[in-house]
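Heads up: the structure comes next, in structure tokens.
The values are calculated or read from the model by the stated rules, or taken from the named source; none is laboratory data. Treat the numbers as computed from the prediction; the structure is a model and nothing was measured. Don't worry about glycine lacking a Cβ; one is built from the backbone with ideal geometry, like all the others, and counts go over all protein chains shown.
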């Protein structure tokens with residue numbers, strides 16, 4: 001979905017499942033916002049070459065024989081999608097897989113599909129986009145003395161309140 005008009009500043013406010021709240025400000029608009037979620041497994045194994053336990057996260061793994069691994073060792077490749085996360089030798093039988101967790105990725109692109117920003121975190125991710133004056137579509141910006149110096153009011157409910165007050169005043173003065 002496309003957000004904001006040409007020339008407006010677009011602000012994407014987002015919150016991940018762990019409560020982390022952040023924002024991305026784009027001077028390019030309009031923008032498109034996409035969400036991708038994928039399941040990440042945690043792989044633990046003993047690497048005799050580093051003489052330590054290793055941990056890596058990814059979506060899949062393959063094992064194979066490799067001449068650079070010593071006898072009793074196997075080569076492991078851990079992937080995140082199509083990207084290789086790690087490659088190493090491990091002691092056969094030492095691989096454990098911790099139940100997966102869900103990772104969400106928020107991607108902001110311009111209308112030409114050029115990636116402007118990407119961030120990943122714990123699912124779910126919720127976001128809002130504000131354009132120009134810092135208020136979401138359908139909201140009016142009002143100046144206030146407290147930080148951040150403005151608030152956003154729902155235009156429809158504000159207009160309804162003004163109509164109600166106007167009608168009450170007309171009735172008293174009428």
Counting only residues that are over 20 Å from the mean Cα position of the chain (by Cα) and exposed (fewer than 13 other Cβ atoms within 10 Å of the Cβ), how many does the stretch 88-116 have? 6
Which listed residue, of 113, 87, 66, is in the same structural domain as residue 42 (by TED's automatic domain parsing) and within 20 Å of residue 40 (Cα to Cα): 87
Residues of the stretch 15-65 satisfying the condition of being surrounded by 15 or more Cβ atoms within 10 Å (Cβ to Cβ), assigned to a loop (DSSP other than H, G, I, E, B) and without any contact (Cβ under 8 Å) to a residue 40 or more places away in the chain: 59
Of the residues 170, 163, which single one is out of contact with any strand residue (DSSP E or B) (no Cβ under 6 Å at 6 or more places or on another chain), in a helix (DSSP H, G or I) and surrounded by fewer than 10 Cβ atoms within 10 Å (Cβ to Cβ)? 170
Take the residues of the stretch 73-87 that are surrounded by 10 or more Cβ atoms within 10 Å (Cβ to Cβ) and without any contact (Cβ under 8 Å) to a residue 24 or more places away in the chain: which is nearest to residue 37 (Cα to Cα)? 79
Tell me whether the stretch 139-152 contains one or more residues that are in a strand (DSSP E or B) and within 16 Å of residue 23 (Cα to Cα). no
Condition check for residue 127: part of a strand (DSSP E or B), touching a strand residue (DSSP E or B) at 6+ places or on another chain (Cβ under 8 Å), in contact (Cβ under 8 Å) with a residue 12 or more places away in the chain and closer than 20 Å to residue 32 by Cβ: yes
For the stretch 49-62, indicate whether the set of residues that are at pLDDT 90 or above and more than 27 Å from the chain's Cα centre (by Cα) is non-empty. yes
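Please go through the stretch 100-118 and pick out each residue that is touching a strand residue (DSSP E or B) at 6+ places or on another chain (Cβ under 9 Å) and either under 24 Å from residue 5 (Cβ atoms) or free of Cβ contacts under 8 Å to residues at least 40 places away in the same chain (or both). Show your work before the answer.
Within the stretch 100-118, the first condition is being touching a strand residue (DSSP E or B) at 6+ places or on another chain (Cβ under 9 Å), and the residues that meet it are 100-111, 113, 115-118.
Of everything in the stretch 100-118, those that are touching a strand residue (DSSP E or B) at 6+ places or on another chain (Cβ under 9 Å) and either under 24 Å from residue 5 (Cβ atoms) or free of Cβ contacts under 8 Å to residues at least 40 places away in the same chain (or both) turn out to be 106, 107, 108, 109, 110, 111, 113, 115, 116, 117, 118.
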